[in-house]
Amino acid sequence: MYASATNLVIGEYMVVEYLDSKTIRIVLLLNDNPEGVNIRSIAEALSMSHTTVYNALITLFKLNLAMERRERGRRIIVLTEKGRGVAELLLKIDELLRQ
């Protein structure tokens, strides 16, 4: 892993390229709800379309930052351990930028 002014690379993925503001907002929402959130609730809470949420979730699944489980026939999205780590880093970055 290395960082520069323009890129942050984790494994083979460039985080800057994949984690846009909408995806980051979803990560932080999921971090605030460790029991998981369904897609409709994510869309409503963040005022996003279901399509936008679904596309962001595809990215999170590919990066192994989130996973889905079924609960009474509903798709519940939760952060993985890696996703929780990324959320903690995002919160730390936000804290540092506010200083």
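Values computed for the structure shown
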| read-out | value |
| --- | --- |
| Neighbours by Cβ (under 6 Å, 6+ apart or cross-chain): first from the range 61-74, without any contact (Cβ under 8 Å) to a residue 60 or more places away in the chain and at positive phi; second surrounded by 11 or more Cβ atoms within 10 Å (Cβ to Cβ) and outside any strand (DSSP E or B) | N64/T80; N64/K82 |
| Residues that are within 17 Å of F61 (Cα to Cα) and either loosely packed, with under 14 Cβ neighbours inside 10 Å or at pLDDT 95 or above (or both), drawn from the range 7-21 | G11, E12, M14, V16, E17, D20, S21 |
| Members of the range 29-80 found to be of a type in the set (G, A, S), modelled with pLDDT of 95 or more and not in a helix (DSSP H, G or I), listed by number | G36, S47, S49, A66 |
| Identity of the residue in the range 81-97, out of contact with any helix residue (DSSP H, G or I) (no Cβ under 9 Å at 6 or more places or on another chain) and closer than 11 Å to N31 by Cα, that ends up modelled with the highest pLDDT | E81 |
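The values are calculated or read from the model by the stated rules, or taken from the named source; none is laboratory data. Fair warning: this is a prediction, and the values are worked out from it, not measured in the lab. Every residue, glycine as well, gets a Cβ built from its backbone with ideal geometry; the counts of neighbours run over all protein chains shown.
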